[in-house]
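Take this structure, written in structure tokens, and hold onto it; I'll ask about it next.
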């Protein structure tokens with residue numbers, strides 16, 4: 001049985017079956033406005049403050065660019081797509 005895939009099936013802009021956050025996210029600046037992360041807003045104020053403090057305390061563990069991971073093998077940090085070769089020849 002031959003499986004055909006339309007190009008629309010591979011379109012990353014298609015939003016039908018995408019996962020979305022179940023709760024609102026709050027931006028947390030770590031170093032500055034450019035270097036931030038997002039956390040959920042369903043935690044209590046005490047939990048949120050503890051989480052933000054922990055993230056800021058451990059900001060040196062974040063990798064903002066690949067150059068921040070100079071000792072990590074490119075095999076680990078390189079994203080490779082598995083492509084269904086026959087998908088390119090849609091008739």
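P(r) for region 19-88: what percent of alpha-carbon pairs falls in each 10 Å bin, starting at zero?
Distribution as computed: 15, 31, 30, 17, 6, 0 percent.
Neighbour counts of other C-beta atoms within 10 Å: give me 20, 49, 34 arranged from fewest to most.
20, 34, 49
Follow-up question, since we're still on this one. Can you give the relative contact order of region 19-88 as a percent, counting alpha carbon pairs under 8 Å and 6+ residues apart?
Relative contact order of region 19-88: 21 percent.
I've got another one for you. For the pair residue 86 and residue 28, how long in nm is the line joining their label points, each one 7 Å along Cα→Cβ?
Modelled inter-label distance: 4.7 nm.
Here, each number is a calculation from the coordinates, and none is a lab measurement. Everything numeric in this text was worked out from a predicted model, so none of it was measured. Backbone-built Cβ (ideal geometry, glycine too); neighbour counts: all protein chains shown.
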